[in-house]
């Protein structure tokens, strides 16, 4: 046994404590011996909620995340009330303010920020023995629970308060003090409030809302000194004017707390400089949170901090040894003085090419601004009404191309399907049209205790059918639950039963050479075999190992066990492959003969240009396939389905390219190719696009000059989406190459059941192009080779007609030995029961 | 051997070798006019439930099995194999039947008597 890894964390605030939680959640507790230093004499509390304590809406006890018991329960040694004084990097020891020495293998610095207090005149206490702080009586910063308690003690005895600083923290302090019955003035150096987050118009609108709540706002005021001898009595401004006050809160900004790191000789710029692995200039020392500077950014919001601690915990525990943190896109949703505000990305247009959409309704204190760059959302400010925030957030996070009508982003024009309007829908509105789930049922589930999007879907079945309502369900969940909504880590897993995103999972499967679904459960899910994850894992293993996979039929959905599509009456549909939709009289005759012989109940021409034989029993399948003598059309599985064609240049007067030949070639090459979700393709011989190639997962359209346009990510099902133009190429061969390359990349990168119409926007068209067309990541040759291997390994599953994998593969109903049963498949059953080898 | 012991008393029915069911899957058995789904999870136990999903008559024996649960192939309703209770849905519970193996590896299901 190796001795436990000594992890010492300096700082017990939002970042330090979160990191320890993240490590504990990943590793077995005994792998680490964790020691923490915390300046404050208690457990860990939610600093964001301090304004609630100040306002009296929350009791101090309510904002604790981890009380002291939590640390002992989790074998974490917390030196509460003991700061770290010095780090000896040579000896790898941290010395505490009480003289204790803590040796470390890894040290994490999470010292957060310190309030910035400008050097005002008359700031220091007149009598140093008077009062505990470094400042004059009645002067406070707003950082800790203790600050809060001291401020409240004074607020009870005085009438007026001033807050220096019109940023978020200052306004929160002002809100709290107004709530305590004080006259409050906010003094701000800049020309409008919250200039870090808001543009001028939004700042002025916010100011108006604040003034209505009784807060006086003084802009462009530079404070030079404090008035009063013992206690504070007022402020002196540069312009000569003064302001009376009995209490002052200085909220003029924060600075990363780098003192300790600096004395230890670590590289410091604005904050403690860290790399993508969150390591400082000393590889044994990491830093997270407000004290860390990553790629030039110091974050002061909680979401980036969580991303940092999660990444570092992944690395430390070896769950993902090479996990990198690549920075965060900042966005925030908050209430300022009771006014809703959501901010994401940039607040100003960069240049004349940026499109700036604004809406202002001063009467209600509503202000909206969108920054649109290259058709995508680069930033947004929503003040006073944030109902469009969830939808905009999604568009922002995913860089999804925006609809042409920008106004529809803010005002969904009474369209019940639009996600932004979800909050306004009546309770009886049906949201999930597959399972008949109303908005009221979703709200009920939330009120009933569901805390994540997934929990709501599981409880109501909303979104579990075709999935097209998920965006809307999410919008309702976000609108109703608001800040109480918990991030569901499982949302990022490839399958719910294995706690890994696809990339991690693939790496683990390869590294540990896991060839079967049960091996994956054994090694990566502690043996817990989640039935809902089996089919996704089976598909992934097939993609990774091809024919070298260890097959487990029970991991497949029924359709993939019997190679036909089960229908509501338990009969099956059989669709033979008709390459490119081009058939012959002889094949049609064969199909007709089969339809007669087996009393097929319906013969249906499908949307994919082939023929569906419906109403066959499972026992009939092998014989039907043999009589057809045609390969499987894979109409039942998550795989490449068909390539729809038009008659192209061979017959059509308008055709400029031989789309029929190309479609046949595509279908011959890629038949049976398994993928995370189905893929429907098409080729069109001219831009009239009779085969609808622009709304297919991949479509090729011939244009004049012998060239072909390739579209990806199109759809015309539960979603309708025009495909994105991936490339224009000079030959059908190039179409086939890029098609195969795209398919292979999609197989490797897409989530299970993620169609290309979600995959392409998620990856971003630019990246898709870079990888597939420009080979910017240098993987094109590998993708092509993998695809060739898969193509070469294709085996028609209908050959199992002669080689069933189990004697009862095609027998759904087995008789009890002595029971009287009408046996329709008597020979097969007798065979099965004798236990003899399969394959008569 | 199937043995019928009285009309109302529990009776055990031998369904033959466990090998009739592919590992990890289920099969529907016809027993005296009754249809029963018998499951052979990889965990080594044997379970028996009513054959059809109460929701829309889906063939439960064709569902995905794991962690003591079966997921109906029609609309993904999930049930506990031991208790028949629905999970994450408000479907009626499944009727379950005691099931086990003989020393010779035959599946035995107990009907009635409850």
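Every read-out reported here was derived from the displayed coordinates using simple, explicitly stated rules and does not represent laboratory data. Note that the structure is predicted; figures quoted are calculated from it, not measured. So basically every Cβ, Gly included, is an ideal-geometry build from the backbone, and we count neighbours across all protein chains shown.
Taking 1 over the mean of 1/r across every pair of different Cα atoms in the range A:174-239, what Kirkwood radius in Å do you get? Result for the range A:174-239, one decimal place: 13.1 Å.
Would any residue of the range A:643-676 have its amide N under 17 Å from a label point 7 Å out along Cα→Cβ of residue A:794? List them or say none. Under 17 Å, as judged by backbone N against the label point of residue A:794, lie A:643-645, A:660-676 of the range A:643-676. Extending 7 Å from the Cα toward the beta-carbon at both residue A:211 and residue A:775 defines two label points whose distance is 6.5 nm.
In what order do A:188, A:806 fall by count of nearby beta-carbon atoms within 10 Å, going from fewest to most? Spell out each step's value before the answer.
On the way: A:188 27, A:806 18.
Exposure proxy ranking, most exposed first: A:806, A:188.
Taking other C-beta atoms within 10 angstrom as a stand-in for reagent exposure, A:163, A:215, A:720 fall in the order A:720, A:215, A:163, fewest first.
If you wrap a convex hull around the alpha carbons of chain B, what volume per residue comes out, as a whole number of Å³?
95
In this structure, residue A:654 and residue A:526 have a Cβ-Cβ separation that, at R0 = 60 Å, corresponds to a calculated FRET efficiency of about 0.50.
Convert 37 °C to kelvin, take the viscosity as 0.692 mPa s, use the Kirkwood radius over C-alpha pairs of the range A:288-405 as Rh, and evaluate the Stokes-Einstein diffusion coefficient in µm²/s, rounded to a whole number. Let's see the in-between values first.
On the way: Rh = 16.0 Å.
Stokes-Einstein gives a translational diffusion coefficient of 205 µm²/s.
Size of the range A:598-718 from its Cα atoms: along the principal axes, largest to smallest, the extents are 52, 33, 26 Å.
Give me the inter-chain shielding for A:509-521: mean count of other chain Cβ atoms within 10 Å, whole number please.
Whole-number average of other-chain Cβ neighbours for A:509-521 is 1.
Dividing the Cα radius of gyration of the range A:201-315 by 2.2 N^0.38 Å, with N the residue count, gives 1.53.
Grab the beta carbon distance between residue A:430 and residue A:398, set R0 = 25 Å, and tell me the FRET efficiency rounded to 0.05.
Details: r = 26 Å, r/R0 = 1.06.
It comes to 0.40.
Looking at the range A:13-167, send over the antiparallel percent of its DSSP beta bridges, to the nearest 5. Can you show the working numbers first?
Working: 9 of 14 bridges.
Looking only at bridges with both residues in the range A:13-167, the antiparallel portion is about 65 percent.
Sorted on the mean count of surrounding Cβ atoms within 10 Å across their residues, most packed first, peptides A:259-265, A:514-520 read A:514-520, A:259-265. Here the sum of -39500 (n - 2.57) over DSSP H runs of 4 or more residues, divided by the residues of chain A, equals -9000 deg cm²/dmol at 222 nm, to the nearest 500. Between residue A:48 and residue A:357, full extension at 0.36 nm per residue minus the direct alpha carbon distance yields a gain of 108.1 nm.
Provide A:641, A:553, B:40 in ascending order of the number of other Cβ atoms located within 10 Å of each residue's Cβ, fewest first. Please report the intermediate quantities before stating the final value.
Working: A:641 28, A:553 16, B:40 24.
Ordered by Cβ neighbours within 10 Å, fewest first: A:553, B:40, A:641.
Computed from label points 7 Å out along Cα-Cβ, the spacing between residue A:114 and residue A:72 is 3.3 nm.
Can you pull a Stokes-Einstein diffusion coefficient for the range A:545-587 at 37 °C (0.692 mPa s), Rh from Kirkwood over Cα pairs, as a whole number of µm²/s?
Details: Rh = 13.2 Å.
So the translational diffusion coefficient is about 248 µm²/s.
For residue A:239 and residue A:200, the FRET efficiency from 1/(1 + (r/R0)^6), where r spans their Cβ atoms and R0 equals 25 Å, is about 0.75. Scattering from the C-alpha atoms of the range A:87-223 alone, worked out with Debye: what is log10 I(q)/I(0) at q = 0.20 1/Å? Debye curve over Cα of the range A:87-223, log10 I(q)/I(0) at q = 0.20 Å⁻¹: -1.20.
In the range A:157-296, the DSSP beta bridges split such that about 35 percent are antiparallel, to the nearest 5.
Treat the range A:1-122 as a sphere of radius equal to its Kirkwood radius over Cα pairs and apply Stokes-Einstein at 20 °C in a medium of 1.002 mPa s; give the translational diffusion coefficient in µm²/s, rounded to a whole number. Walk me through the numbers on the way to the answer.
Values: Rh = 15.7 Å.
The diffusion coefficient I find is 137 µm²/s.
Take every DSSP beta bridge whose two residues both sit in chain A, then give the antiparallel share in percent to the nearest 5.
60
Under the simplified labelling scheme, the residue A:623-residue A:348 pair shows an inter-label distance of 8.0 nm, with each label point 7 Å from Cα along Cα→Cβ.
Tell me the volume per residue, in Å³, of the convex hull enclosing the alpha carbons of the range A:545-664. Could the numbers behind the result be given before it?
Values: hull volume 16.0 nm³, N = 120.
Considering the Cα atoms of the range A:545-664, their hull volume per residue is 133 Å³.
Averaged over the residues of peptide B:65-72, the number of Cβ atoms from other protein chains lying within 10 Å of each residue's Cβ is 5. Relative contact order, whole percent, for the range A:669-824 stands at 19, derived from Cα pairs under 8 Å and 6 or more residues apart. Ranked by the mean number of other Cβ atoms within 10 Å of their residues, highest first, the peptides A:359-370, A:389-400 fall in the order A:389-400, A:359-370.
Pairs of Cα atoms in the range A:152-192 fall into 10 Å distance bins, from 0 up to the last occupied one, in shares of 32, 52, 14, 1 percent.
On a per residue basis, the convex hull of the C-alpha atoms belonging to the range B:38-103 measures out at 73 Å³.
Looking only at other chains, what is the average number of their beta-carbon atoms within 10 angstrom of each beta-carbon in A:802-813? Present the calculation step by step, with values, prior to reporting the outcome.
Details: counts 0, 0, 0, 1, 7, 3, 6, 2, 0, 3, 6, 8.
Mean shielding count: 3.
Whole-percent P(r), chain A, all Cα pairs, 20 Å bins from 0: 13, 37, 31, 15, 4, 0.
If the range A:740-803 were replaced by its equivalent ellipsoid, with semi-axes equal to the square roots of 5 times the Cα gyration tensor eigenvalues, what would those be, largest first, whole Å? Largest first, the range A:740-803 gives 28, 16, 7 Å.
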